[in-house]
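The values are calculated or read from the model by the stated rules, or taken from the named source; none is laboratory data. From a predicted model like this one, the values you see are computed outputs, not experimental measurements. Here Cβ is always computed from backbone atoms with ideal geometry, including for glycine, and neighbour counts include all displayed protein chains. Each accessible area value is taken on the protein alone, full model and side chains, heavy atoms only, with ligands, DNA and RNA left out. Shrake-Rupley method; radii C 1.70, N 1.55, O 1.52, S 1.80 Å.
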Amino acid sequence: QKKKLLEELGENRLPYLTPADADFHQLWKTKYSKLIFRKSDMVPEELHQMVQESFLTLREHNCFFQDLVRIKGKDFLTPVSRILIGNPGCTYKYLNTRLFTVPWPTEGYDIKYCNPQIHDACKALMRLNDYLHIEAVKALQAQNLFETKEIKDTTVIDREQSFATSLTEQGSVSKVQSGVCVPEDDRSLKNRTSYNLTLLNYMDPLQMLYLKQEPYFGMGNMAVSWHHDENLVERSVVAVYSYSCEDSAIEESNEQELKGRDPAVWHVGLKVAWDIETPGLAIPLHQGDIYLMLDDLNMTHQHCVLAGLSPRFSSTHRVADSSRGTLEYILGQCELALQNLQTDSDSMALSLKSLEAAVVKQVEEIHNEVEFEWLRQFWFQGKRYLKCTDWWLKPMAKLEEFWRKMEIMTSLVLSEVRKEQQIEEQRNETISCFLLLLKERQKLRKEWTAR
């Protein structure tokens, strides 16, 4: 789709607007209204100081890393360096790479940091997380009030204009069905704004040999290409704190009369997904600015980050989908799998309780999940976080212990299906599903070895 669209555009780039354009605010109001922007002077100065110091501390201790991500079967290093900080045991997966949180100081958890300064940095980002949660709740409540009022006003006008109520009813029903004006309870608001982690980004554009050019609008150098954020709770708010280390030389370029966006200043770019008619937006980001992507904006629109000239940090707070991405979840899966393993009280010999195809399939799927989604992902890139804390070492040792037992369970299945006294139909069914998962395991092991 992307290739076809670029071919259609040829050299004719789509239009985009910046705050200097007359129609900018009207376009934002009509097509990008779920993007909320807060200038830095709306944020407490004490919080700015804490957060910006934490960025510099983490950089000083070399805690930012480029990720090796996998796209269409090929590995690429990200231009941006990152670190994930959040709830203990949380992970975040994007582009086939699982990141493991450096836990922020959470009550009830024994977290040892390699340096007191790293502890203070994580604590500051936890404070920012709490602040952004409150701001996100307020923004969603304001959006709901505005949309409810807008619907009521529209309905009244329609009724005054015509006694033919069918159109009014259709309009009202469609808006209710779309979930726009249905009042949200506190639980829903909390679920969509309770950030469990932040993905921190850092890049110095002047250290980069090559940056991709923005392809659709001609917006210039991109630090992060057009994308939707992955692995999030549906319709959850994404909150971003931006800190570009601007100096006087870079600030001066803002005074120049430039067509389009100022290439010296960092911007966030937005566009309606797969829309070649609506102009895009390029919004400048300065020290301490915040923006929120509300509701379904992350699904209906795409965003990119346009590089300026100065180094820049950002803290991107997310409600990551934790259904399959927490330590608690994977330990629970391991315990479920090991329910099929029993030990003889006399000989201490291990055996399987059941050889039913469904049970064997479930155990081997969990076996693959532990190995490829957790152990290999962690030791491939996660061990670099030992610069910050050793918190993940004990959980990983426990997962390895469970994995070894599942390896034994695989051997026991092979031994059992070789025995001739097995009922042939049941034996064939077990072998059939078992082989599929073993082939998948073999294929993935080859891929990981090659990486």
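E425 meets the stated requirement of being acidic (D, E) and without any contact (Cβ under 8 Å) to a residue 60 or more places away in the chain. Those residues that are in a loop (DSSP other than H, G, I, E, B) and surrounded by 14 or more Cβ atoms within 10 Å (Cβ to Cβ), I need them from the range 197-211; list them, please. If the condition is that a residue be in a loop (DSSP other than H, G, I, E, B) and surrounded by 14 or more Cβ atoms within 10 Å (Cβ to Cβ), then D204, L211 are the ones that fit. Taking the criterion of being open to solvent by 70 Å² or more (accessible area, probe 1.4 Å) and of a type in the set (D, E, K, R), the residues of the range 315-343 that qualify are R324, E328, E335.
Of all residues in the range 396-441, those that are of a type in the set (A, V, I, L, M), loosely packed, with under 12 Cβ neighbours inside 10 Å and closer than 30 Å to T106 by Cβ total 1.
May I ask you to list the residues in the range 127-152 that are aliphatic (A, V, I, L, M), modelled with pLDDT of 95 or more and surrounded by fewer than 19 Cβ atoms within 10 Å (Cβ to Cβ)? Across the range 127-152, the qualifying residues are I134, V137. Inspection of the range 88-108 finds a residue satisfying the criterion of being among the small types (G, A, S) and either assigned by the TED database to the domain that holds F378 or open to solvent by less than 50 Å² (accessible area, probe 1.4 Å) (or both). For the range 21-41, the condition of being more than 30 Å from D275 (Cβ to Cβ), out of contact with any helix residue (DSSP H, G or I) (no Cβ under 8 Å at 6 or more places or on another chain) and assigned by the TED database to the domain that holds E135 holds for at least one residue.
For the range 1-18, name all the residues that are surrounded by 13 or more Cβ atoms within 10 Å (Cβ to Cβ) and modelled with pLDDT of 60 or more.
R13, L14, P15, Y16, L17, T18
Summed over the range 78-133, the residues that are assigned to a strand (DSSP E or B) and either more than 20 Å from Q381 (Cα to Cα) or β-branched (V, I, T) (or both) give a count of 7. Looking at the structure I just gave you, is R261 touching a strand residue (DSSP E or B) at 6+ places or on another chain (Cβ under 6 Å), at pLDDT below 95 and not aliphatic (A, V, I, L, M)? The answer is yes for R261.
For residues that are assigned to a loop (DSSP other than H, G, I, E, B) and closer than 28 Å to L56 by Cβ, scanning just the range 212-258, find the one that is modelled with the lowest pLDDT. Result: D247. L95 falls short on exactly one of the conditions (1) modelled with pLDDT of 95 or more; (2) closer than 24 Å to Q207 by Cβ; (3) not acidic (D, E), and that condition is (1). Here is the figure for the range 402-451: residues that are closer than 19 Å to Q362 by Cβ and either touching a His at 6+ places or on another chain (Cβ under 9 Å) or of a type outside the set (S, T, N, Q) (or both) total 27.
Okay, residues lined up against (1) under 30 Å from R235 (Cα atoms); (2) open to solvent by 20 Å² or more (accessible area, probe 1.4 Å); (3) out of contact with any Phe, Trp or Tyr (no Cβ under 6 Å at 6 or more places or on another chain):
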residue: D346; (1), (2), (3): no, yes, yes
residue: L355; (1), (2), (3): no, yes, yes
residue: E364; (1), (2), (3): no, no, yes
residue: R376; (1), (2), (3): no, yes, no
residue: K394; (1), (2), (3): no, yes, yes
